[in-house]
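Undergrad: Got a structure here, written out as C-alpha cells. Questions coming.
The values are calculated or read from the model by the stated rules, or taken from the named source; none is laboratory data. Note that the structure is predicted; figures quoted are calculated from it, not measured. Neighbour counts are summed over all protein chains in view; Cβ atoms, including those assigned to glycine, are modelled from backbone coordinates with ideal geometry. SASA here: full protein model, heavy atoms, side chains in, ligands and nucleic acids out. Shrake-Rupley method; radii C 1.70, N 1.55, O 1.52, S 1.80 Å.
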Amino acid sequence: ESGDLWVSGNRTTSIVVDGDSAFVADEFLGFRIIDISTPTSPSALGRIHTPGHADTVDVAGDYAYLGVVGQGLRIVDVSAPATPEDVGFFRSYGAANDVAVAGSFAYLADGQWGLRVINVSNPAAPVEVGNLPVTGDYANGVAVSGDYAYVAKSSAGLWVVDISNPATPFEITHVDTPGFATKVALANDLAFVADDDGGLRLIDISDPASSVEVGSCTTFDRASAIAVEGDTAYVGNFNDGLRVVDVSDPANPLEIADVGNWAVGVAVQETLAYVG
C-alpha cells in the first residue's frame, strides 16, 4: 500500500482514475475528486453533495456521470476538478447501480428498472431513448463494447444486449452464474464478472451471441467489484479486501495475492490499484 486518504463516515462504492485525478462515488459523502499526482499522499480536490447514496461513476471527457440511488443520473462538469459543477440530471427511481458511457450515450444499470439508454449529447438535458426491462431480477453492473452492452443481472448472471440501435436494445443471450452477478469488466475478448459468493467468473465474449464461461476463481466470499489490467484481475471483496488474480490462462485463473481488509470499489492505472 502506497498511500491513503481517510475521511470519517465515508464508504467509497465506485472509482474511476483518469490521469492525476481519482473520481469517487461515495455512498455517504456524494461525489469526490481526489488529487493522486503523488500516490503516497492523495489529497481532496473537489466535492458535490448528492441527495441520495452515490453508487457509481464513469468519466468521459470533461464530464462525470454519477448514479445516485433513487435519484437517477447526474452529470457533473469536472473540467476544473477543484470546482465541479452540476450541469444535467436524468430522473430515475431505480437503484442506479452502475453506469457506462460510450459515445453520445450513457447506459444505466438501474436495478429493478433494467438497462436504461440515455442520450447525453447535450449534458444539460439528458433524455432516455431506450430501455430493456428486467423481470424478477436486478441490473447491477454494466460495461459496453461496440454494439453490445454486458449487464451483471444478479441471479440471472451475465446479460448480453444488442445496443446497435440505442432506441431498441434487446437481449441476444445470457450466461448464468452460480452467484449474484454484481459488476462486470471487459478485456481481451473476455467479460470478468464479480459474482458475489460465486467468486470471479470469466466469460468468452469473442462471439457475443455465443458467450460462454471459460473459467472461474471461487475462493471469494463476496466478490463485488472488478478491474482488469493486462493479465491481472483485481477483485473487491468487501471485508475480505482486494484479491489479485492472474488471468493469463482464462481457463485457470489463479489468486496470487490479497491486500487489506475492505474493498468495495476498485480501479487500476498502470502499476497502482485504487481501492475504496
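Undergrad: To the nearest 10 Å², what's H49's accessible area with a 1.4 Å probe?
TA: Number for this one is 120 Å².
Undergrad: Shape verdict for segment 7-77, please, from the Cα gyration tensor: rounded (a/c under 1.5), prolate (a/b greater than b/c) or oblate.
TA: oblate
Undergrad: What's the local net charge at D231, with K and R +1, D and E -1, over the other residues with C-beta under 12 Å away?
TA: Net charge in that neighbourhood comes out at -3.
Undergrad: How do F23, F105 rank by accessible surface area computed with a 1.4 Å probe, from largest to smallest? The partial results should precede the final answer.
TA: Working: F23 10, F105 45 Å².
Descending accessible area places them as F105, F23.
Undergrad: To continue, here is another question. Quick check: net charge around N97, other residues with Cβ under 13 Å of its Cβ, Lys/Arg +1 and Asp/Glu -1? Each step should come with its number before you reach the end.
TA: Working: positive: R116, K153, K183; negative: E27, D55, D58, D98, D110, D137.
Once all neighbours under 13 Å are counted, the net charge is -3.
Undergrad: Percent of Cα-Cα pairs per 5 Å bin, from 0 to the last occupied bin, for segment 45-190, please list those.
TA: Reading the bins upward from 0: 2, 11, 21, 23, 20, 12, 7, 3, 1.
Undergrad: As I understand it, the dipole of the chain uses +1 on the Cβ of Lys and Arg and -1 on the Cβ of Asp and Glu, about the Cα centre. Which of N237, A194, A96 lies farthest toward its positive end?
TA: Farthest along the dipole direction, towards plus: A96.
Undergrad: Here's something else I'd like to know. Taking the Cβ-Cβ separation of N188 and W262 as r and a Förster radius of 25 Å, what is the calculated FRET efficiency to the nearest 0.05? Write down the numbers at each step before the final one.
TA: Working: r = 29 Å, r/R0 = 1.14.
Efficiency at R0 = 25 Å is approximately 0.30.
Undergrad: Each label point is 7 Å from the Cα along the Cα-to-Cβ direction; what then is the distance between the points at R91 and A124, in nm?
TA: 2.0 nm
Undergrad: Here's another thing I want to ask about it. From largest accessible area down, sort Y93, Y63; use a 1.4 Å probe on the protein chains. Walk me through the numbers before you get to the answer.
TA: On the way: Y93 150, Y63 65 Å².
Solvent-accessible surface, decreasing: Y93, Y63.
Undergrad: Something else now. With the radius of gyration and the Kirkwood radius both derived from the Cα set of segment 236-276, what is their ratio Rg to Rh? Please list the in-between numbers first.
TA: Values: Rg = 10.8 Å, Rh = 10.7 Å.
Result: Rg/Rh = 1.00.
Undergrad: Would you compute, for the Cα atoms of the chain, the largest minus smallest coordinate along each principal axis and list the three values in descending order, in whole Å?
TA: 45, 44, 27
Undergrad: Relative to 2.2 N^0.38 Å, what does the C-alpha radius of gyration of segment 95-143 come to as a ratio? Two decimals please. Could you put the intermediate results ahead of the total?
TA: Values: Rg = 10.5 Å, N = 49, 2.2 N^0.38 = 9.7 Å.
Dividing the Cα Rg of segment 95-143 by 2.2 N^0.38 Å gives 1.09.
Undergrad: Using a Gaussian network model of the chain with C-alpha springs under 10 Å, which one of A96, A187, A54 is most mobile by mean-square fluctuation?
TA: A187
Undergrad: Turning to a different aspect of this structure: Tell me, what is the 1.4 Å probe accessible area of L186, in Å² to the nearest 10?
TA: About 50 Å², rounded to the nearest 10.
Undergrad: Let me ask something additional. Once the dipole of segment 106-212 is set up with Lys and Arg at +1 and Asp and Glu at -1 on Cβ about the Cα centre, which of T177, A109, V151 lies farthest towards its positive end?
TA: A109
Undergrad: Treating only the Cβ of Lys, Arg, Asp and Glu as charged (+1, +1, -1, -1), what charge dipole size does segment 212-276 show about its Cα centre? Round to the nearest 20 debye. Before the final figure, lay out each step's value.
TA: Numbers: 2 positive and 10 negative charges, 48 e Å.
I would put it at about 220 debye.
Undergrad: Taking all protein chains in place and a 1.4 Å probe, what share, in percent, of the accessible surface of the chain do carbon and sulfur account for? Could you put the intermediate results ahead of the total?
TA: Working: 5250 of 11310 Å².
Carbon-and-sulfur percentage of accessible area, whole number: 46.
Undergrad: Could you give the accessible area per residue of the chain, probe 1.4 Å, as a whole number in Å²? Please report the intermediate quantities before stating the final value.
TA: Numbers: 11310 Å² over 276 residues.
That works out to 41 Å² per residue.
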